[in-house]
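What follows is one structure encoded as structure tokens, with my remarks underneath.
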Amino acid sequence: MNQKPRILIVEDEEAIRVGLVDVFVYHGFAVDSAAEGPAGLQKALTGTFDMILLDVMLPGMNGFDICNRIREQDKDQPIIMLTAKTSDEDIVHGLTLGADDYVAKPFSVAQLVLRVQAVLRRSRNSEASQDYIRLGDVVEIDIRNLSGKRSDEPLSFTRREMEIIEYLHRHRERPVSREELLNKVWGYAKNADIETRTVDIHIAKLRRKIETDSAEPRFLTTVRGAGYRLLVD
């Protein structure tokens, strides 16, 4: 018998927390939960979970700090952040700390389940196909260690950022659409009605890391009407 995927839900609003527990139990998950930040962090660091759903606004310790602490211990733990904050600054902050995706409240429960399942599929199937990627004579990327350098400046990447770079590098002979990235990197079904800016935000983050001038990208370019392309020379 296949073992149930384990999910930790850290959410202080009781109605939402209880509702999400019921939903994921119904969908075949083994569920644990916490209502406060410190308790959620302790469970996240001492338990074994296939997925962590992490609210941002929590008593005792916010979700950003919890995500950061989790990433210090485990770079590969799948995390989706639940947030009532929808400004780019807040979303970028969560994704920069290493969250795989974000879902803004109020959210569709059905869409949340689909996004959890998509992230789990990708995390289980993710495997680095090579060790290094070089972009011109400026950027060197160490895939397995989620690190690199631009000239002499050290770089650090999240797991999701590295998956984007890898996919674009494998298909560097052509532009890759936003929808293809959602399907192949995030694992969302083709033509799924997913309302998220996570691709655009991740691309902007990557440009700030690998480009000398993110406003005039040399390597991670936009092909109007077609998508993004990674140029290695």
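The values are calculated or read from the model by the stated rules, or taken from the named source; none is laboratory data. Everything numeric in this text was worked out from a predicted model, so none of it was measured. Glycine also receives a Cβ, built like all others from the backbone with ideal geometry; neighbour counts cover every protein chain displayed. Only protein heavy atoms, including side chains, enter the accessible area calculation; ligands, DNA and RNA are left aside. Shrake-Rupley method; radii C 1.70, N 1.55, O 1.52, S 1.80 Å.
Relative to the compact-globule estimate of 2.2 N^0.38 Å, the Cα radius of gyration of region 1-112 comes out at 0.98.
Ligands, DNA and RNA left out, the accessible area of region 1-112 computed with a 1.4 Å probe is 50% carbon and sulfur.
Projecting label points 7 angstrom from Cα along Cα→Cβ for Arg69 and Arg208 puts them 2.5 nm apart. In the chain, the calculated helix contribution to ellipticity at 222 nm averages -12000 deg cm²/dmol per residue, counting -39,500 (n - 2.57) for every DSSP H run with n ≥ 4. Computed 3J(HN,Hα) for region 51-67, one whole-Hz value per residue from the Karplus formula 6.51 cos²θ - 1.76 cosθ + 1.60 where θ = phi - 60°, is 7, 10, 9, 10, 6, 7, 8, 10, x, x, 6, 7, x, 4, 5, 5, 4, glycine and proline marked x. Using 12 Å as the cut-off for backbone N distance, which residues of region 1-40 belong to the label zone defined by a point 7 Å from the Cα of Thr46 along Cα→Cβ? Hits in region 1-40 for Thr46 at 12 Å: 39-40. For the chain, the ratio of Cα radius of gyration to the globular rule of thumb 2.2 N^0.38 Å stands at 1.02. Surface analysis of the chain yields an accessible area of 50 Å² per residue, using protein heavy atoms and a 1.4 Å probe.
Simple spin-label estimate for Ser147 and Gln3 gives 3.0 nm between the two label positions (7 Å along the Cα-to-Cβ direction from each Cα). Rounded to 0.05, the FRET efficiency of the Val18 and Val113 pair, given R0 = 22 Å and the Cβ-Cβ distance, is 0.85. Note on region 179-233: with neighbouring protein chains present and a 1.4 Å probe, carbon and sulfur make up 45 percent of its accessible heavy-atom surface. Beta bridges assigned by DSSP with both partners in the chain are antiparallel in approximately 50 percent of cases. Packing order of peptides 175-185, 20-30, 159-169, highest average first: 159-169, 175-185, 20-30 (average count of other Cβ atoms within 10 Å over each peptide's residues).
Note on Asp233 and Glu195: the extension gain reaches 10.3 nm, defined as 0.36 nm multiplied by sequence separation minus the Cα-Cα distance. Straight-line cross-link reach from Lys4 at under 17 Å between alpha-carbon atoms covers these aspartates and glutamates, not counting any fewer than eight positions away in the same chain: Asp22, Asp32, Asp50.
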